[in-house]
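Data block below; observations after.
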Amino acid sequence: MSFQAYIDNIKAKTGKTPEDFKILAEGKGFVVNGKLNPATKATEITNWLKADFELGHGHAMAIYATFKGKTS
């Protein structure tokens, strides 16, 4: 599955874009001033996405990748 397919499936399932998740992550302190908080571990973010949005591990990692700057 391509990276874009992951993003499209996440939007279809949750109604949220990577930018929407980034805004929510800022509220949790995972992202600060638009950048991934260096003190935040990937596991913290993926656990949050799995618990709150029922994303699988691969989909949660795709959102984490967008926080790190991946766009395609």
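Annotations
- Test: residue in region 15-27 that is among the β-branched types (Val, Ile, Thr) and part of a helix (DSSP H, G or I): yes
- Where a residue in region 46-72 is on the phi < 0 side of the Ramachandran plot and its partner, wherever it lies, is outside any helix (DSSP H, G or I) and buried (at least 20 other Cβ atoms within 10 Å of the Cβ), with Cβ under 7 Å and at least six apart: 49/55
- Taking region 14-33 as the range and being under 12 Å from the mean Cα position of the chain (by Cα) and either in contact (Cβ under 8 Å) with a residue 12 or more places away in the chain or farther than 20 Å from residue 3 by Cα (or both) as the test, the residues that pass are 14, 16, 18, 21, 22, 23, 24, 25, 26, 30, 31.
- Residue match in region 34-46 (condition: under 20 Å from residue 1 (Cα atoms), buried (at least 18 other Cβ atoms within 10 Å of the Cβ) and not charged (D, E, K, R)): yes
- Conditions (1) in contact with a Phe, Trp or Tyr (Cβ under 8 Å, 6 or more places away or on another chain); (2) crowded, with 16+ Cβ neighbours inside 10 Å; number of the one not met by residue 16: (2)
- Residues of region 41-72 satisfying the condition of being polar (S, T, N, Q), modelled with pLDDT of 95 or more and in contact with a Phe, Trp or Tyr (Cβ under 7 Å, 6 or more places away or on another chain): 46
- Within region 48-72, tally of residues that are in a helix (DSSP H, G or I) and either touching a helix residue (DSSP H, G or I) at 6+ places or on another chain (Cβ under 8 Å) or closer than 12 Å to residue 6 by Cβ (or both): 15
The values are calculated or read from the model by the stated rules, or taken from the named source; none is laboratory data. In this text, all values refer to a predicted model and were calculated from it rather than measured experimentally. Cβ: placed from backbone, ideal geometry, glycine included. Neighbour counts: every protein chain shown.
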